[in-house]
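Comments concern the structure below.
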Amino acid sequence: MDLLFDINVAVDICTKRQPFYDDSNLAVAKCVYEGGRIWLYVGSVQTLEYVTRAELKLIYKKAGEQVSARQLEKNARDVLKKLASDKHWLASLAGEGSVFDSVDPEDEQLIRALSRFTPGSIKLLTRDEHLCELYPDLTITPQKYLEMPSQLKAIDFIDLKTQQDLIRPALEENIHRVLARGQYIMGPEIKQLEERLAEYVGVKHCITVSDGTKALLIAMMALGIKAGDEVITTPFTFIATGEMIALIGAIPVFVDIDPRTYNIDPRKIEAAITPKTKAIMPVSLYGQCADFDAINAIAEKHGLPVIEDAAQSFGATYKGKKSCALSTIGSTSFFPSKPLGCYGDGGALFTDDDNLAKLMREIRLHGQDRRYHHPRIGLNGRMDTLQAAIVLAKMDIFEEEVNSRVVIGARYTDLLKSVFGVASPYIEPQNTSVYAQYTVIIENRETVQKQLNESGIPTAVHYPIPLHLQPAFAFLNKAVGSFPIAEEKSRQVMSLPMSPTLTMCDQQRIVSALTEIVTYREA
Amino acid sequence: MQVEAIYDHGRLEFIRPIQFKHERLNIIVEVPDEEILNTSKRYNLPQEIFDLAAKMTEQMDNVRNAPLPPDDQLPPVTAKTLERIEAFSLRADR
C-alpha cells in the first residue's frame, strides 16, 4: 500500500517532533519495507515549508539557540529536501483546484487526489483524527498503519512502477505538452522519436507505427508479399509473427529452432526455401538476436529480404551492431512490457533502404503519399502522439536500463549456476541480450510455477504451444513432432521476474525460492 | 498559559476546570519521556523495519543538525517571504 503524507506527519519527520516522531518515522520505514511508495502532494509545498520552519524555530527557541531568519530558512529547506529525496511528488490536477466550497480546502485537495488511485492502494497518513473520522476508508494514522500486519514486498513479474517513478517529471511534462498542443495524430513528437530511434539503432530511417504486430504487416506489404507467397519463420514465438504472414494471405513456413538460443536455426533454413519463398522473418527471442550473419548469407544467396522481428530485442546487440539494424527491415514493439515500452500500443520499423522507408511511411497512413491521394492500399497504422511522448521520456534512461538488464541477467545466471535442474539461458558470445524475458529450462514446470506463485513469485511461460500446433494454424497440417526442439522447449521454458530495476535482494529471494522447490523435489 | 492535567486512558483531564471558547482546539502537552513506550515494544514488526527506521533517523539527524553557515553567507530573505512566514506563524499543524 502507498501512503500520501499529510502535512502533520511530514513535519513530524522533518523536525523530529515529539511524541509523534517515532511512530511517523516507523510508518515510513514499514511502507518502504513493504515496497509501498510515499507521496508528497505538490500543492502542500508552501504550507510544508512554513510549518516546518515554524516548528524548527520553536525547537531552537526551546534549546536557547539563536538562529537568524536566513539560517532558519536554510535549515527548513535542507530537511525538506532530504525528506523529498526518496519520496514521490504527486502533481496537483485541475480537478483539485476548485475546493473553495469545502470546509477545509487543503484537506479536500488531498482527499480528491487519492481518488486517482485504485481504491485501497493508497491512504492519507495523518494524525488528524477529525479527518480520519470523516474519511475512514481513505485515511490512516501512523499507529493504525503500524498495527496492520506487515507484508513482505510483492515482486512484480515486470516492474513498470519503479521505472515510472524514475521518470515521472519527464512523463508528466511530455504528456501535458501533447494535451496542451492538441496534435494527437502525427504530432511533432512522432518525428522527434523517429529521429532519436534511428540514431540509437544506427540506421537511416525509422517509421513509428501503431503496434509491433502491424509493424510486421506493414513490412511485408512494403516488400510486396502477397497471397500464396511463403515466408520462413520460427514456430517458437508469439502468435503475431505467424499471424501476420497468414493475414496477408501468405503461408508461414516454420523452421525449427537452435536448441541453445531458441532462435531460428540457420542451418535448417535453406532446406525450407522454395520458389514461393519471398522473405525470411527471424525472431530475436527473449532479447537475444538470431544469427544474422548466417541468415543474411542465405537470404543473399537466394535474393530474399530479411525482416527481423525484434519485438523483444530492442537495445540488444549482435557483433556490436544494434538489433533492428541487422537486416533489410527491423521491426519492434513498444508494448508496455517490452524493453522499451509505451503506455499502450506502439511499434517501429527500421531500414537503410530509402524506397522501403517511403513505402512503409505511406502504408501506415492509408497508402497516402500526399493528402487524400492514395497510390496504394495501406492501413491505419500510425503511432499516437501521446505514446511517442511517453517513449521519448523513456529514451532518456533506456541505455542505462539496457546496461542494468545485462547485469541483472548475468546475476541471475550466476546465482542459478549451482541450482540442479534449472538451465539458464545461453547467450552467444557475439551477442548481448536485453533479457526481455529471463527464461530458464525446468522440468515439472507447472508444479514449480504453482509453488513459486505461493511464495509470492510470479512466473510466465513464453510460449506454451508452438505456432504449428496452434488451432489457428491447423490448415498447415503440421503434426506433433514436426519441429521437435520447439515442442520440447515449449514444455520446459519458464520466465522469471525481470525488470531493469529488479534488486539484488529480490533476485536472491527468487532464486532461493526456486532452489528450495527444486531441491526438495529432487530429494 | 500552562495548566496541569492528568492523562487517563486516552483522555486528558484538567486538574483546574477551564472553560474554552471552542469545542475543539490544538493544545501542546508536555509528556515525560520515561512514560513513552519504546515503539519496538508496541508494534509487532520485523526487525528490518526498526533497522530501517533507525537508519532514516540517523540520516535526517545529520541534515537537521548540520552546522549552519554564517548568516551573512546566506541569500537574503525577502520582505515578501518574511510576510508569508508571519502569516503562517500561527499555524502549528500539530
Restricted to Cα positions, what overall size does the protein assembly as shown have along the principal axes? Three whole-Å values, descending. 104, 69, 45
Mean separation of Cα contacts under 8 Å (6+ apart) over length of the range A:209-288, as relative contact order %: 33 percent
In Å and whole numbers, how far do the C-alpha atoms of the range A:420-523 stretch along each principal axis, longest first? 48, 36, 22
Rounded to the nearest 0.05, what FRET efficiency is calculated for A:V407 and B:Q73 with R0 set to 35 Å and r the Cβ-Cβ distance? 0.25
Taking R0 as 41 Å and r as the Cβ-Cβ distance between B:V29 and A:L93, the FRET efficiency 1/(1 + (r/R0)^6), rounded to the nearest 0.05, comes to 0.60
The farthest towards the positive end of the charge dipole of chain A, of the residues A:A154, A:Y33, A:S210, given +1 on Cβ of Lys and Arg and -1 on Cβ of Asp and Glu, is A:S210
Quick one: helix A:45-63 against the long Cα principal axis of chain A, what's the angle to the nearest 10°, folded into 0 to 90? 40 degrees
Taking +1 at the Cβ of each Lys and Arg and -1 at the Cβ of each Asp and Glu, which of A:L58, A:Q46, A:Y21 sits farthest along the dipole of the range A:1-63 towards its positive end, judged by Cα position relative to the Cα centre? A:L58
Rounding to the nearest 20 debye, state how big the charge dipole of chain A is about its Cα centre with +1 on each Lys and Arg Cβ and -1 on each Asp and Glu Cβ. 800 debye
Rank-order A:290-296, A:272-278 by packing density, defined as the average count of other C-beta atoms within 10 Å over each peptide's residues, highest first. A:290-296, A:272-278
I'm a student and want to see the number: the projected area of the Cα convex hull of the range A:206-272, averaged over all directions, in nm². 5.1 nm²
Separation of the A:K321 and A:E108 label points, Cα + 7 Å toward Cβ, nm: 6.3 nm
Number of partner chain Cβ atoms within 10 Å, mean per residue of B:56-66: 5
If you build the convex hull over the alpha carbons only and average its shadow over all orientations, what do you get for the range A:134-181? Give it in nm² to one decimal. 6.4 nm²
D (µm²/s, integer) via Stokes-Einstein for the range A:1-141, Kirkwood Rh across alpha-carbon pairs, 20 °C, 1.002 mPa s: value 136 µm²/s
Rounded to the nearest 10 degrees, the helix A:105-114 long axis (Cα) sits at an angle to the longest Cα principal axis of chain A of 30 degrees
Within 10 Å of each Cβ in A:21-29, the average number of Cβ atoms from other chains: 6
Report, as an integer, the average count of C-beta atoms from other chains found within 10 Å of each Cβ along A:54-66. 1
Sorted by packing (mean other beta-carbon atoms within 10 Å per residue), highest first, where do A:233-240, A:362-369, A:477-484 land? A:233-240, A:362-369, A:477-484
Per the Kirkwood formula on distinct C-alpha pairs, the Rh of the range A:140-285 is how many angstrom? 19.6 Å
Among the DSSP beta bridges whose two residues both lie in chain A, what percent are antiparallel, rounded to the nearest 5? 50 percent
In the range A:66-118, with Lys and Arg counted as +1 and Asp and Glu as -1 at Cβ, which of these residues, A:T118, A:L72, A:L93, has the Cα nearest the positive end of the dipole, that is, farthest along it? A:L72
Just round it to a whole percent: the fraction of Cα-Cα distances in the range A:236-378 exceeding 25 Å. 29 percent
Just to be sure I understand the model, the point goes 7 Å from the Cα along the line to the Cβ. What's the resulting A:D353 to A:Q492 distance in nm? 3.7 nm
Would you give the gap between the C-alpha center of the range A:1-72 and the C-alpha center of the range B:15-33, rounded to a whole Å? 23 Å
Measure nothing but the geometry: give the 0 to 90° angle between the long axis through the Cα atoms of A:504-522 and the longest principal axis through the Cα atoms of chain A, rounded to 10°. 60 degrees
Over 19 Å (Cα to Cα) among A:K82/A:K394; A:K16/A:K62; A:K161/A:K191; A:K161/A:K338; A:K338/A:K417; A:K226/A:K321 -> A:K82/A:K394; A:K161/A:K191; A:K338/A:K417; A:K226/A:K321
Rounded, prolate or oblate: pick one for the range B:1-69, where a ≥ b ≥ c are the square roots of the eigenvalues of its C-alpha gyration tensor, a/c under 1.5 means rounded, and failing that, prolate if a/b is larger than b/c, else oblate. oblate
Rounded to two decimals, what is the ratio between the C-alpha radius of gyration of the range A:298-362 and 2.2 N^0.38 Å? 1.19
Rg/Rh for the range A:442-488 to two decimals, with Rh computed the Kirkwood way over all alpha-carbon pairs. 1.13
Based on the Kirkwood radius over alpha-carbon pairs, what is the Stokes-Einstein translational diffusion coefficient of the range A:71-130 at 37 °C with 0.692 mPa s viscosity, in µm²/s? 237 µm²/s
About the Cα centre of the range A:446-494, what is the dipole size in debye to 20, counting +1 per Lys and Arg Cβ and -1 per Asp and Glu Cβ, all else neutral? 120 debye
Between A:L160 and A:C505, take the C-beta separation as r, use R0 = 22 Å, and let me know the FRET efficiency to the nearest 0.05. 0.70
Provide the net charge surrounding A:K278, with neighbours chosen by a C-beta distance below 10 Å and charges set as Lys +1, Arg +1, Asp -1, Glu -1. 0
Using unit Cβ charges (K, R positive; D, E negative) and no other charged atoms, how large, in debye to the nearest 20, is the dipole of the range A:1-122 about its Cα centre? 600 debye
So the compactness index of the range A:87-174, its C-alpha Rg divided by 2.2 N^0.38 Å, takes the value 1.28
Determine by what factor the alpha-carbon radius of gyration of the range A:471-523 differs from 2.2 N^0.38 Å, reporting the quotient. 1.77
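The numbers here are math on the coordinates, done by the rules we state, and not lab data. Not measured: the values here are computed from a predicted model. Please note: Cβ atoms are built from the backbone with ideal geometry, for glycine as well, and neighbour counts cover all protein chains shown.
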